[in-house]
1. Select from segment A:491-526 the residues that are more than 12 Å from A:PRO469 (Cβ to Cβ) and either of a type in the set (A, V, I, L, M) or free of Cβ contacts under 8 Å to residues at least 24 places away in the same chain (or both) and list them in ascending order.
2. In the set B:GLU339, B:GLU394, which member is closer than 29 Å to B:GLY499 by Cβ, among the acidic types (Asp, Glu) and within 13 Å of chain A (Cβ to nearest Cβ)?
3. For residues in segment A:33-51 being over 24 Å from B:LYS388 (Cα atoms) and crowded, with 22+ Cβ neighbours inside 10 Å, which is farthest from the other protein chains (Cβ to nearest Cβ)?
4. Mind listing whichever residues of segment A:84-110 are assigned to a helix (DSSP H, G or I), within 11 Å of chain B (Cβ to nearest Cβ) and touching a Gly at 6+ places or on another chain (Cβ under 8 Å)?
5. Taking A:PHE235 and the conditions (1) in a loop (DSSP other than H, G, I, E, B); (2) open to solvent by 10 Å² or more (accessible area, probe 1.4 Å); (3) in contact (Cβ under 8 Å) with a residue 40 or more places away in the chain, which numbered condition does it fall short on, given that it satisfies the others?
6. Could you list, in sequence order, the residues of segment A:220-232 that are open to solvent by 40 Å² or more (accessible area, probe 1.4 Å) and touching a Leu at 6+ places or on another chain (Cβ under 9 Å)?
7. Mind listing just one residue for me: the one in segment B:342-353 that is closer than 26 Å to A:SER7 by Cβ and facing another protein chain (nearest Cβ under 10 Å) and, of those, most open to solvent (accessible area, probe 1.4 Å)?
8. How many residues does segment B:607-625 hold that are closer than 23 Å to B:LYS485 by Cβ, exposed (fewer than 14 other Cβ atoms within 10 Å of the Cβ) and at pLDDT 95 or above?
2 protein chains.
Amino acid sequence: MPTSYASTVVIENFHPCIEGGKHPIKRVIDEPLEVWCDLFKDGHDVMSAVLRWRAVGAKRWSEAPMALIENDRWKGTCSFSKAGRWEYAVEAWGDTFRSWKKTFAVRVGAKDPDVPVEAKEGARLLREAAKRARAAGVAATGKQLEDCADVLTSMAAKDIMDVLQSEELQSLMDEYPDRAQSTTSATLGVIVERERARYSAWYEFFPRSAEARSDKHSTFRDCLGRLDHAADMGFDVIYFPPIHPIGITARKGKNNTLTAKEGDVGSPWAIGGPAGGHRAIEPALGTEKDFVWLVKEAKKRGMEIALDFAINCSPDHPYVKDHPEWFYQRPDGSIRYAENPPKKYQDIYPINFHCDDWKNLWKELIDVVQHWVDLGVKIFRVDNPHTKPVAFWEELIGTIQRKDPDVLFLAEAFTKPKMMQVLGKVGFTQSYTYFTWREDKQALTEYATELTQGDMKWYYRGNFWPNTPDILPGHLQNAGPAMFKIRAALAATLSSTWGMYSGYELCENDPYPGKEEYNNSEKYELKQRDYNKPGPGNITPFIRQINAIRRENPALHLYDNLRFHGSDHPQILCYSKTTPDFSNRVLCVVSHDPHHQASGAVHLDLHALGLDHHRPYKVIDLLHNQSYEWRGADNFVILNPNATMMHLFRVEQ
Amino acid sequence: MPTSYASTVVIENFHPCIEGGKHPIKRVIDEPLEVWCDLFKDGHDVMSAVLRWRAVGAKRWSEAPMALIENDRWKGTCSFSKAGRWEYAVEAWGDTFRSWKKTFAVRVGAKDPDVPVEAKEGARLLREAAKRARAAGVAATGKQLEDCADVLTSMAAKDIMDVLQSEELQSLMDEYPDRAQSTTSATLGVIVERERARYSAWYEFFPRSAEARSDKHSTFRDCLGRLDHAADMGFDVIYFPPIHPIGITARKGKNNTLTAKEGDVGSPWAIGGPAGGHRAIEPALGTEKDFVWLVKEAKKRGMEIALDFAINCSPDHPYVKDHPEWFYQRPDGSIRYAENPPKKYQDIYPINFHCDDWKNLWKELIDVVQHWVDLGVKIFRVDNPHTKPVAFWEELIGTIQRKDPDVLFLAEAFTKPKMMQVLGKVGFTQSYTYFTWREDKQALTEYATELTQGDMKWYYRGNFWPNTPDILPGHLQNAGPAMFKIRAALAATLSSTWGMYSGYELCENDPYPGKEEYNNSEKYELKQRDYNKPGPGNITPFIRQINAIRRENPALHLYDNLRFHGSDHPQILCYSKTTPDFSNRVLCVVSHDPHHQASGAVHLDLHALGLDHHRPYKVIDLLHNQSYEWRGADNFVILNPNATMMHLFRVEQ
């Protein structure tokens, strides 16, 4: 037998629901969540349903009524007032009062001789609600409902109908409905994060090259110039590659050579040396105190510093000596270094996440993150999470966020799509994407649509990067400023969250021969740069303008509001983002070809833009301070790499 | 922390999986089940996975290896050896031996100096497997594996590779893999039923009219003629409307009139009278002994008798006196009769499934079904299940089938689609469908595709009926034999399970004016018929032929193998069913227009038919004993209502 007779309603096709509820969805604070499901029961009862939600661990649920849309599908909306883990569910029941009221009206209309006895039935329902109101301490409502009950048993059908048709009575009854036989759905989870989880602009630089000198290792204290530069360009997250002591044994030399020369600084991703491991700071960068000072300086500028969490141990990492059991042993007793045979990475020892002492290992790694959280770091970029167990990340992110839900995590997993997706499902706030390699109109359209319009939108927030220290994609190699501008504009407008690695604003375009990597990569050496270099090769003003347009247009702060529109030209992308109320609408028209003029008609979905088909509307180019009057869906555009090479329009009607 | 470190593999997108595993899927005995899911883990390990299945309650799982298809998707196949509740799951792990073997081969190829020490690692893996083999009592295998391990540590790389490449070694290792760190998916349920759940032909008749006389109430002992008639036509299920005592109070008269006249037999669905309720037999039909005799007579003829389970109580039902608490009370203390205001059904008292005594009520109703099961009834047609709680049916079917998994249930729910679907999900073996009202080519194509090719195929088996005692659809009203033949052929070939209500073979076509019901409905009176009437209006031979073609062609015994093919003519449907190995292929070409000749090309999906594009093939018309040689996808057909009005081809190449 079922445990309770109360399983009266069928609740199915609950949405959103990831893997049958195994994984939470994601929202930011106050972002609306629309929930729907199929609700029905046997017989002809009128149904009522509420959407319920609460912070995990809270006693009381909040509730909002759900409404029938069509074909047994119901919908409700809620939002979440603070960051943390939340949950939601649906409760539904056959509404005895509404059901009675509906059939009573039919009886009155049909002059059914049973009207008097059925009025008594209604009075009984009212009196029961009155009891519930009194039990809840609301005596006044109890009295009102009892008075209505008296009317039902003492007056003529016509007068009763007047009472029943009052909206006040129904709303009183809705406050104290009979939910004794309600059914509640499974409870689904939500990770609620602060807005920066969805809307952010990242700037990555190596603090050791903060002064842009190849002859001097910069320190945290030398970073203010770069901070000001990033703030001036409008970024709000500064991301540092690992800041920990760099290994000496098997240190890599310039251009990833196997043997470092005297003075080579090594890769920051080979973590651990005499000065310590993941809790320590590379002595050449300064002290913990210096770092905390820099975190505060960033904050003063409206930015925050994100650290890299890279679980790579150099042979000199303290764990190697203190916890050899956390690594893989070879039959000869040595510790196994990283390999992808025949390639060997002798500067890195991979960790065995499933060793016998896994609980202490996992706890230690989580404690490392907590250590930096305690020092004021609230964003982590996680290096290669796909080479560590997914269950470990679920545990780490859950543990950290339960203590401080403001901590955000970016997954750097350039790997197979299903692994990338599941890292989002188990809790990563944001994820790197394939945007970096999506080059033409069709590929960009399909990919951005998949990310922002399919099921992935519930758990995967794509952070779009045109470059990283690891990747100088083909289209940027030896490319001119136009291509750099195009890719930055696409990243910054297709997604609400984007980032770039320093040097991009200088159009650094020199590849390591035959690879998608930088020549003389900053990963292995101090980098000299002239951030103030004159000429068109310095696109700092353009980046500043793009980030300013993002900040001023709330539609660009949203992730899942991307809509593509038709365009006749094979290289012209046309897409829009709007706020739900259409108070802000942005329309982007970009050609992916930096070399040729492109022109043709664009075909707008005016409905998606919230535009009246019969009235003209204004498109204001925010990049060029020009404005045009357009009419109807079809309009002509000319993009010229030497003049107006893209339009970022605000649309007004 | 996770409860076990063994959560190493991600298992997602498990399929088939109904509502996240809330509901079981359905199979018949020995029917293959193909299961797929996404499987992957961190790092570069080679993966292994098995599909596991067992009867619920059994200790041991059966296993079959799964294979990688593409993009992290894996597939496995199983089947179930007997009727009952089963379960299945996936277990997957990083395969240490295969992973080691793969990288070892690369090392050998690259002349890696680490080959000797890595060979030792391989030897360790072999010795661990040897231990597992010995622990399982298979000392010989243990010895073999140990010998291989010795080879690995004592011989040169080239010789080691010879050993490793042996398929015998891999298959020994596959018998004793290291699954200590495997991950197992959620366990999903399967209802396994006997083949009649999927493949059946139903014939409904009223036993009281078995002799087809309006002047005499027939008894069970009078039914042999009808049984022989049904067996001769090739039916295997005889379905009886309720056989219980019929209520006297408010008994309905002929043509559903409110007042019965002297001698009116009443509707069998108004159950309960002085002779008893749902466990009793209407005295005019005979005794329980007579019924048991008839059940055996049906069995002798290769058929079985299905009973109607209709939870309708007449005011004279014993429950009304013995358990008034099971019904709804009105404020005046009377028991509430059925209503759909302003309509009143004073001959029926609905039951309150959520009354305080619901547990005893539910148990009693389940016991009623068990009573008839104990008398030999293994199939029930359930009347209006959608007006009773879905949870009740889940409980009833589960309880009955756990005791006797051969019992099958047909849901008669002509209601909104999601309710019809959920009744299948919670356990109904078969369900009535909207086939009865799907009239043209497009509507039939879409509906049959939705039922047999979409997700519904996992839990909903549509039983196609051209008519029922309740429904004489518009296209059959005053229609001629051609239309009756077309609808029977469609029902019997589109679905593997179909049924008809007696009189159909006589083309009874007289509607109650303005309704989709029969005039002088047998529901309220004894029915006179001439089952042997001569002429084209008796399509008994056609029905016999259709059922014989079904029996002889195994492709028509399967449900989810329906494929539609193109046809140029707007009324010509062209569809096929094949066995998975193409040993039997049936191709149906039917026009839905009984009045006009229809001709045009049909365009076959030769791949779906398992036909070689380059060779001719033979289509043998099983209805007309004619055969044609066809070539390629496009062939011409002519259908003529006066001659060949449909083709049921067997296809051979």
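1. Residues satisfying the conditions are A:ALA491, A:ALA492, A:LEU494, A:LEU506, A:PRO513, A:GLY514, A:LYS515, A:LEU526.
2. Details: B:GLU339 fails: closer than 29 Å to B:GLY499 by Cβ.
Sole residue among the options that is closer than 29 Å to B:GLY499 by Cβ, among the acidic types (Asp, Glu) and within 13 Å of chain A (Cβ to nearest Cβ): B:GLU394.
3. So in segment A:33-51, the residues over 24 Å from B:LYS388 (Cα atoms) come out as A:33-36, A:51.
Checking which are crowded, with 22+ Cβ neighbours inside 10 Å leaves us with A:35, A:51.
On the way: A:VAL35: 16, A:LEU51: 19 Å.
Across segment A:33-51, the extreme among qualifying residues is A:LEU51.
4. Hits for segment A:84-110 are A:TRP100, A:PHE104.
5. It fails just one condition, (2).
6. To start, the set of residues in segment A:220-232 that are open to solvent by 40 Å² or more (accessible area, probe 1.4 Å) comprises A:221-222, A:224-225, A:228, A:232.
Residues satisfying the conditions are A:ARG221, A:LEU224.
7. Only one residue fits best here, namely B:PRO350.
8. Number satisfying all stated conditions: 0.
The values are calculated or read from the model by the stated rules, or taken from the named source; none is laboratory data. Since this is a predicted model, take the numbers as computed values, not measurements. Quick reminder, even Gly has a Cβ in these numbers, built from the backbone with ideal geometry, and neighbours come from all protein chains shown. Note: areas computed on protein heavy atoms with side chains; ligands, DNA, RNA excluded. Shrake-Rupley method; radii C 1.70, N 1.55, O 1.52, S 1.80 Å.
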